[in-house]
Each structure stands twice: as C-alpha cells, then as structure tokens.
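Single-structure report; data block below.
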Amino acid sequence: MGETQQAVDFVIVVNGASGRDEDRDLPSRIRGALGERGHRVRIHELDRDGDVGSTCKVAAEDAKQQGAVLVACGGDGTINAVAREALEADVPLGLLPRGTFNYFGRVHGIASDLEKALDILVSEPERPAQVGLVNGRPFLVNASIGLYPEVLEDREGWKRRIGRHRAVAIISALYTLMRDHRLWSIGIDDGNGQRQLRTPTLVVGNNPLQFARLGIEGASRIGRDALAAVTLRAIGKLGLFGLILRGALGRLGEAEDVSVRLVRSLSVSLGRRERRVKVALDGEITRMRTPLEFSIAKRALRLRAPHPATSEDDPG
C-alpha cells in the first residue's frame, strides 16, 4: 500500500480507470490534496485483474480499525462495491466520483470535480443515504433485468473500442434498443397481490434525480422511503423509440406504455426454467437466483454529503 501504519483520517479505494480516461497520477493527486488540507490517508488501488470485492473488504476493515472514513473514488460500479462494505462494516462513506454519469454522487450534491468533492469530503457531516437491496445485494442507483442489462453489456463493448464518453453511452443504447428483444413473463408482488405481465424490462430504482429527469411522478419519494418499480408494455421498436424521445423531454411518466409504482418491497418471479437471471446492479452485471426479492436496507449508509438525496439539486 505504500503508506506507514500511522493513524489515518481517510481510507480510499481508487479506481483510476473510471470515467473518460485512465489517470495514473490520481492516487498521488488525492494524497497531496488531502495532505495540504491537513489529513492523512491510506490508499487501496483497484487492480484491473484483481478481486474488487476483496480489496474493498480489506479497505473497510482498515477504516473500521482506524476509525476513519472509507472513501470510494471511481464510477458507479466502484462506488457500489465500496458502499457494500461500508454498509456491512458500519463505517462512514465518502465519495470522489469519477464515472460517466455519477448518478449517486449528484443526487447527494457531490460533483465529479475532484477539488469540489475533496472539499465536501473533509467538511460535510454524515447524512443517511437509503440503500436498495435485491436478494441481499445492495444497489444505490438501480437494479434491472431484461433490456437494460443488454444495453449495459453493449455499452461496455462500445466503450472498450471508442472510449468512456456520455455520447458513446447514448449512441450504444439507441443501437441496442433498435434490435429485437425478448419479452419476459414475470410475476410481481408488492404486498397487494401478485400481478402477471409481459415486459421487455424491469427497472427498480433508488435514485430520485434519474427518475425526475424522466418526468416520473413521485420521484421525490424515491431514495427516501420508497423504490420505484418500472415496467414497459410489450411494444415494438417504434414504440421504444417514442419512449426514448419522451424520456429525453422529461415526459416518460405520461406514457401509457410505462407502468411505475412506488414500493418498499417487491417480489419478482419468472418462469420455472428461469432459475437464474442476469441482473444489472448500478451498471455492473451479475447473475442471481429467482425469485428476486427487492427491499430497502434497514440500515442507511453514513454518507458525507451536503444534503440528503433529492430530485432537484444536480451539480453535474
């Protein structure tokens, strides 16, 4: 790790490959900037070929022993991995967002600008941040099955070839959505009885900003005391394209082909043959056993941030 075993204020997990470009100087820049602010740090760098979960767990144990703040420096996937261990260890969490969209940081007023994020890290108090769960696995932004995991897989392929830019993410998503897609037969139960439906995708969200931008009614409750469960009717390519336009205009919530319900828990069952299903968690894809059980974690993250989650503030 490179640091002496002095007591530290921050234990930081750094993914220098997040965002648009690799930043090989990022650890030294962070160490220097926090040193100038009078703080000692210990940095755990993520290895592209290493075990991310193990690195984050070691860092969380380090922070627990030191009485330090555990900090995630990376994109939504990195932040999710670090937050999972912060929740388990019950240690404070700080963010230095470096991802393409930074939905979790932005909803709490934390920008991608490194200097601004560092100022927040050292000056702001802890605030509770709601965590969603699916089969016990935390998610901060959203979890989904069906079409959305396909979009994410294709997007990663485009990014490897072209680079990590928002425009690349948008173009690759349009390309994916214009292909033929499977319709999933699912049963959903939010405590008011099970309902059967056929849909190309199910998205369960924990991020009010993301849903407010799409024009979803009740977005301000998401991330506070509710999750949003979104499904689409069985529609063709033209219908999907129309929904994309509505979303871009902030009017997706008006579409008859979109169903949104605010829930505290949700059970999702698939056909008998679907014992395991591909699930996207905050942009990272994993496979999970069915049924999928969504809920809100009983314990909130102890996040250093200017304010609680809101659908209005967006530092970019």
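Once the stretch 261-316 is represented by equal point scatterers at the alpha-carbon sites, with solvent omitted, what log10 I(q)/I(0) does the Debye formula produce at q = 0.23, 0.26 Å⁻¹? Each listed q maps to, in turn, -1.09, -1.16.
Between Ala234 and Lys116, the FRET efficiency estimated from the beta carbon spacing at R0 = 41 angstrom works out to 0.40.
When peptides 72-80, 265-273 are sorted by average Cβ neighbour count within 10 Å, with the highest value leading, the order is 72-80, 265-273.
Peptides 24-31, 126-133 ranked from most to least packed by the mean count of surrounding Cβ atoms within 10 Å: 126-133, 24-31. Subtracting the Cα-Cα distance of Arg287 and Ser28 from their residue separation scaled by 0.36 nm leaves 89.6 nm.
Applied to the stretch 260-267, the Karplus parametrisation 6.51 cos²θ - 1.76 cosθ + 1.60 on θ = phi - 60° returns per-residue 3J(HN,Hα) values of 10, 9, 8, 9, 9, 8, 7, 10 Hz, with x for Gly and Pro. Footprinting exposure proxy ranking of His39, His307, His108, His44, fewest other C-beta atoms within 10 angstrom first, gives His307, His39, His44, His108. Note on Ser265/Arg40: beta-carbon distance plugged into 1/(1 + (r/R0)^6) with R0 of 51 Å gives a FRET efficiency of 0.75. So the label point goes 7 Å from the Cα of Lys278 along Cα→C-beta, right? Which residues of the stretch 193-207 then have their backbone N under 14 Å from it? Correct set: 201-202. Based on the Kirkwood radius over alpha-carbon pairs, what value in µm²/s does the Stokes-Einstein equation return for the translational diffusion coefficient of the stretch 12-123 at 25 °C and 0.890 mPa s? Taking Rh from Cα pairs, D becomes 178 µm²/s. Amide H to amide H, with H built 1.01 Å from N, Arg224 comes under 5 Å of no residue 5 or more places away or on another chain. Scanning residues 5 or more positions from Thr100 or on other chains, those with amide H under 5 Å from its amide H are Gly19, Asp76, with H placed 1.01 Å from N in the peptide plane. The label point for Gln196 and the one for Asp225, both projected 7 Å from the Cα toward the Cβ, are 3.5 nm apart. Couplings for the stretch 51-56, taken from phi via the Karplus curve 6.51 cos²θ - 1.76 cosθ + 1.60 with θ = phi - 60°, read 8, 4, x, 5, 4, 5 Hz in order; Gly and Pro are left as x.
Values in this text are rule-based calculations from the coordinates and carry no lab data. Model, not experiment: these values are computed from the prediction. Backbone-built Cβ (ideal geometry, glycine too); neighbour counts: all protein chains shown.
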